[in-house]
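Novice: Below is the structure I would like to discuss, written out as structure tokens.
Rule-based calculations on the coordinates, nothing more; no lab input. Here the structure is a predicted model, which means the values were calculated and not measured. With ideal geometry, Cβ positions are generated from the backbone for all residues, glycine too; neighbour counts draw on all protein chains shown.
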Amino acid sequence: MKKILNDPEKYVDEMLEGFVAAHPEFYRMHGDSGKVVARAEKAKAGKVGIVTGGGSGHLPVFTGYVGEGLLDACAIGDVFASPSADQMADAIRAADQGAGVLRLYGNYGGDIMNFDMAGELVEFDDIECTTVLLTDDVASAPPEDHAKRRGVAGMVYAFKLAGAAAEEGRDLEGVTAVAQKAADACRSIGAALSSCTVPQAGKPTFDIADDEMEMGMGIHGEPGVWRGKLRTADEIAGEMMDRLLAETPLSSGDRVSVLVNSLGATPPEELYILYRTVKQRLEAAGATIVMPLVGRYATSMEMSGVSFTLCKLDDELEALLKAPCNCAFWRVG
Amino acid sequence: MKKILNDPEKYVDEMLEGFVAAHPEFYRMHGDSGKVVARAEKAKAGKVGIVTGGGSGHLPVFTGYVGEGLLDACAIGDVFASPSADQMADAIRAADQGAGVLRLYGNYGGDIMNFDMAGELVEFDDIECTTVLLTDDVASAPPEDHAKRRGVAGMVYAFKLAGAAAEEGRDLEGVTAVAQKAADACRSIGAALSSCTVPQAGKPTFDIADDEMEMGMGIHGEPGVWRGKLRTADEIAGEMMDRLLAETPLSSGDRVSVLVNSLGATPPEELYILYRTVKQRLEAAGATIVMPLVGRYATSMEMSGVSFTLCKLDDELEALLKAPCNCAFWRVG
Amino acid sequence: MTLSKAALVQAIDRVTLAMERDFDELNAADGTLGDGDLGVTLTRGMRAITQLKDDLPDDLGMALMQCAQAFTKSSGSSYGTLMATGLMSAAKALKGQTEFEVAQVSDLVAGARDKMQERGKAEIGGKTVLDSLDAVARATSGLDDKEAVASAAADAVDQALEEFRQKPATIGRARIFAEKSIGLDDPGMLAMQRIVKAAAGR
Amino acid sequence: MTLSKAALVQAIDRVTLAMERDFDELNAADGTLGDGDLGVTLTRGMRAITQLKDDLPDDLGMALMQCAQAFTKSSGSSYGTLMATGLMSAAKALKGQTEFEVAQVSDLVAGARDKMQERGKAEIGGKTVLDSLDAVARATSGLDDKEAVASAAADAVDQALEEFRQKPATIGRARIFAEKSIGLDDPGMLAMQRIVKAAAGR
Ligand SMILES: Nc1ncnc2c1ncn2[C@@H]1O[C@H](COP(=O)(O)OP(=O)(O)O)[C@@H](O)[C@H]1O
Ligand SMILES: Nc1ncnc2c1ncn2[C@@H]1O[C@H](COP(=O)(O)OP(=O)(O)O)[C@@H](O)[C@H]1O
Ligand SMILES: [Mg+2]
Ligand SMILES: [Mg+2]
Ligand SMILES: [Mg+2]
Ligand SMILES: [Mg+2]
């Protein structure tokens, strides 16, 4: 196992300890579960709160995106495991400024059950909650079943856009509507070249030969749509763009942002090689690229591979995308 | 080879094409060699220029750090190979604002020979040049031979500190003195768990067993001081801190910045686990940690491993460290 | 025929051992179409319960409630949450009792199945842990003898696996690979087979 | 005895082939204590020269200068830069000539060695490519016959490798591992052995 750690059982606790120690200007632990991260400085009273939650092992997702113009708090579980309902309830309480809280997270069974339970718990605190689920992974179900799809890197856009709407002072209904609009605007697809290892499992989640790749793989190593010989960067980017553009038809004058994301080990050098094709395909469709993001935004620890996310913009979303935000991993404005 | 690319011969050209396309607000290609990156907007006239150069495969080093409060231009070679003297001369010309140019780079034979030749070439353009070499890797020669040491992640601090001094309007002599002071203030050590692959070589530079690590390894896979079984995070961080503190004795009241850097594949989760020990050791020595940096600042593509850099600060360096800077990978202020 | 806390503690020990033994197998089964953490979930959960077991109250309801909370705290995966939900349902049914009738087993399992269905919003027949519990509830209905209940439950989880193997997954991560899941055991059903058999001493 | 551009072009072909053949070996030799790119440097450099070879001018000085520039453009590694420096030195010496005397070989090699020493600031005797060139310059001194020069040069690079193998590296990346480098061939000397022998048709 090519990992630097102490006790696999303490992986997440020690990670979070270092995380808040390294960035005290951005993050603090909330409550005593040790699994809830909140903004170092509470947002202004009356702002709608936004929480997310999910398993560890995806940095900067989830905890990294707690910050101004983004999230208010986050409950974080073990690697690839949902936090508990109690922890999620704590995160909701940390995020609440009296104007209600949006739960914004990926479509995973454990997270849904626990966030639902958490919602029942905070009903006693009179905190009004809404929910928006990310279902952006086009490889995980056909378009007619899009509600079954997994949530992947599209949540980066959802956090940003809903976060900006909340920071602007919109009410819970308004922020929830923006989050849903953002979730609807995003489509993603991933391709993996190697597995990551869940510390407690101690061995790679899946085996894949040295000259193989898998198209459509999920962010936890869930299988994709095909496995085969490793193709060239242009071929990989071409197929990924084909699959995305099939669901997000673009025409002249459309505006779109795109996230070319490393799943972890894949270096930025390779992302830039891929970005050439992404840009060429979007421009060939007549679209204007707004604020392209190239880097590591949503990862699976040391997995090698990439994902692309298209986020189609209108005036409202474009303005929200360009609005200021600030956390240890991303700053705009 | 777990890499996403097209033709290995075109790796760097395609990478740079995507790089400037993704970040046009920060970077532009200068001249026609296709290997010189300069700031999108020239710095103000009369500012001392700072150039660097070296092999590709270390993003954000080198090209990534071209930007306000950092570098003016950079000549970039093939993976792990120096750019040519002509390209370096071009970078020097791009950086020149009439106040002279500092060449600030790592202590590697190819880079030295070529930057020396480049200096001879730009003498014809009446550009005054100075040189500061980074020699921060403590594992690469004993202290008495420190001039023989390799330059590694310490250059991130040198770019930042010299860049801030230049932006402030200091003259060539002053900027060069700051760069030298920064270089003298930095000590680094790395540890690798796996090799990277130079695209044109097509196979890993070195073999290392799945349960092994190498302490003191260089940023191109040059051997280190020992190879043995993979240790725990606390043990690894402890030994790395021992080696750095042996050369940078700290006492109560000292201020120090520290960079906990991934060599590429190692995820931030593991860096945070390591940072706990780093912080504890520095605080135990009585030092105050200023602006710790945890992330991927100087890499070897998909190598897994980490490096630590200590940069001891005085008032001048602390102020320069905190001064604003802005590029696609790092923003302060 | 009645059982008390001692029987619960013994069952905890047997299930804990079984989960340690099946750690890799359950991770692998979950890894085929999911995220490979089912063994992790179950060993963590059972270890957390084991830590409590010497201090469990005699009130079986309160004892099971503590077990449920241990599961919740130790893991937030789907299975961990469902297990906690099922344990909590049994806990409510047994609140205030220090003994329970073997004849209650069928109702307790059926109650757990229903609460878990409410929580996870899956259908019976969808090839999930619910189907294993449903089979156990039906097979043990009307039985009052400890050994008879144990045998019926053990057979039921085996048969449920057989019966559903050729069906497609409809829920959880594997739903996305409905085609590929045909011929594969549902990892949650596999885990429930091991749990029930260990609890039944089979 | 004189040689002209045709001989140069033939030598280019032979060296290019040898570098393709030794690609992995030179990368591996450099990878032991360095960054593993020496094979890459040399195949790239020779491929760049090969692309020019049909259009090289008859003026041997100008032809070698174009070869030097091709090397510079194709690679900035230490070895590439030193090769370019050495070729440039020979180019200057032969400027304006379309033929050259075999008897000049020793001086041309010695001239290259000196310019490369100036550029790289290494000492003769430091276990680098300079020592291979030094051995060739000395061994070919006073010889006027093509075959005699070729044999003497080929023997000299072999002997230089033998002579320096047990010495420690003093320069380049390997200097840091002076101890470990004892018993290993310097990759640059190994490369020069292959280059000289290929050029000499050995
Ligand atoms: N909504 C649900 N309702 C019933 N059973 C479920 C549900 N979701 C998952 N399961 C069961 O849990 C098993 C997977 O558990 P687990 O590995 O913990 O899921 P995950 O890692 O995706 O959170 C499945 O095999 C299935 O039996
Ligand atoms: N300063 C120097 N002077 C003479 N020879 C040198 C010098 N530096 C390196 N060499 C030679 O070059 C070889 C290494 O070349 P190369 O792999 O291109 O270096 P790098 O990759 O470190 O730039 C060494 O084996 C040595 O023979
Ligand atoms: Mg899970
Ligand atoms: Mg090199
Ligand atoms: Mg699972
Ligand atoms: Mg080399």
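Novice: How far is D:Glu20 from itself in the other copies, in nm, if each label sits 7 Å out from Cα along the Cα-Cβ line, shortest first?
Specialist: Sorted ascending, the copy-to-copy spacings read 6.2 nm.
Novice: Here's something else I'd like to know. Calculate for chain B the 222 nm mean residue ellipticity that helices alone would give, adding -39,500 (n - 2.57) per DSSP H run of length 4 or more and normalising by residue count, nearest 500 deg cm²/dmol.
Specialist: -10000 deg cm²/dmol
Novice: Okay, next question. Quote the FRET efficiency, to the nearest 0.05, computed for B:Ile289 versus B:Ala147 with a Förster distance R0 of 22 Å and r equal to the Cβ-Cβ distance.
Specialist: 0.15
Novice: Now, a different point. With charges set only on the Cβ (+1 for Lys and Arg, -1 for Asp and Glu), what does the dipole of region B:92-195 come to about its Cα centre, in debye to the nearest 20?
Specialist: 560 debye
Novice: Can you list, shortest first and in nm, the gaps between the label point of A:Asp145 and those of its counterparts in the other copies, using a point 7 Å from Cα in the C-beta direction?
Specialist: 6.4
Novice: Determine the shielding of peptide C:36-44 by partner chains: average, over its residues, the number of Cβ atoms on other chains within 10 angstrom of each Cβ.
Specialist: For this peptide, the per-residue mean of nearby foreign Cβ atoms is 5.
Novice: Could I ask something else about it? Need one word for region C:2-200: rounded, prolate or oblate. Basis is the Cα gyration tensor (sqrt eigenvalues a ≥ b ≥ c); a/c below 1.5 gives rounded, then a/b vs b/c decides.
Specialist: Taking the square roots of the gyration eigenvalues as a ≥ b ≥ c, region C:2-200 is prolate.
Novice: By what distance, in whole Å, do the Cα atoms of region A:186-314 stretch along each of the three principal axes, largest value first?
Specialist: 49, 25, 25
Novice: Something else about it: Rounded, prolate or oblate, given the Cα gyration tensor of region A:44-156, with a/c below 1.5 counting as rounded?
Specialist: Note, shape of region A:44-156 comes out prolate.
Novice: Let me confirm one metric for peptide B:4-17, namely the mean number of other chain beta-carbon atoms within 10 Å of its residues' beta-carbons.
Specialist: Other-chain Cβ atoms within 10 Å of each residue's Cβ, averaged: 6.
Novice: Given springs between every Cα pair under 10 Å in a Gaussian network model of chain D, which of D:Ala152, D:Ala29, D:Ala178 has the largest fluctuation?
Specialist: Judging by the Gaussian network model, the answer is D:Ala178.
Novice: Lys and Arg at +1, Asp and Glu at -1: add these up for the other residues within a Cβ distance under 15 Å of C:Leu133 and post the number.
Specialist: -3
Novice: Restricting to the protein assembly as shown, compute how many DSSP beta bridges are antiparallel as a %, nearest 5.
Specialist: Roughly 60 percent of the DSSP beta bridges within the protein assembly as shown come out antiparallel.
Novice: Another question, if that's okay. Look at the axis of the rotation that sends chain B onto chain A, then give the chain B residue with the nearest Cβ and the distance in whole Å.
Specialist: Residue with the nearest Cβ, plus whole-Å distance, for chain B: B:Ala265, 2.
Novice: Restricting to Cα pairs below 8 Å that are 6+ residues apart, what does the relative contact order work out to for chain B? Please round to a whole percent.
Specialist: 18 percent
Novice: Taking each residue in B:77-86, count the Cβ atoms of any other chain within 10 Å of its Cβ, then average. What number comes out?
Specialist: What the average comes to for B:77-86 is 6.
Novice: In region B:30-90, which chymotrypsin sites (Phe, Trp or Tyr not before Pro) fall in coil by DSSP and have 13 or fewer other Cβ atoms within 10 Å?
Specialist: none
Novice: Gaussian network model of chain B, Cα springs within a sub-10 Å range: biggest mean-square fluctuation belongs to which of B:Ala177, B:Ala85, B:Ala165?
Specialist: With Cα springs under 10 Å in chain B, the top fluctuation among B:Ala177, B:Ala85, B:Ala165 is at B:Ala177.
Novice: Students often forget the sequence filter, so: which aspartates and glutamates lie under 15 Å Cα-Cα from C:Lys167 once same-chain residues fewer than 8 apart are removed?
Specialist: C:Glu123, C:Asp131, C:Glu179, C:Asp185, C:Asp186
Novice: Next question. Assign one of three labels to chain B, namely rounded, prolate or oblate, based on the Cα gyration tensor with a ≥ b ≥ c the square roots of its eigenvalues; rounded applies when a/c is under 1.5, prolate when it is not and a/b is larger than b/c, and oblate otherwise.
Specialist: Oblate.
Novice: For the protein assembly as shown, what is the convex hull volume of the alpha-carbon atoms per residue, in Å³?
Specialist: Cα-based convex hull of the protein assembly as shown, divided per residue, equals 168 Å³.
Novice: Quick one: with label points 7 Å out along Cα→Cβ, list the inter-copy distances for A:Thr131 in nm, shortest first?
Specialist: Nearest to farthest, the other copies are at 6.5 nm.
Novice: Using +1 on the beta carbon of Lys and Arg, -1 on that of Asp and Glu, and nothing else charged, what's the dipole of region C:2-200 about the Cα centre, debye to 20?
Specialist: 560 debye
Novice: Let me ask something else about it. Could you give the size of the charge dipole of region B:1-88 about its Cα centre, using +1 on the Cβ of each K and R and -1 on the Cβ of each D and E, expressed in debye and rounded to the nearest 20?
Specialist: For region B:1-88, the charge dipole is close to 280 debye.
Novice: While we're on this one: Name the most mobile residue of B:Gly34, B:Gly67, B:Gly202, meaning the one with the largest mean-square fluctuation, in a Gaussian network model of chain B with Cα contacts below 10 Å.
Specialist: Judging by the Gaussian network model, the answer is B:Gly202.
Novice: With the crude spin-label approximation of a point 7 Å out along Cα→Cβ, what separation in nm comes out for D:Met1 versus A:Arg331?
Specialist: For D:Met1 paired with A:Arg331, the spin-label model returns 7.0 nm.
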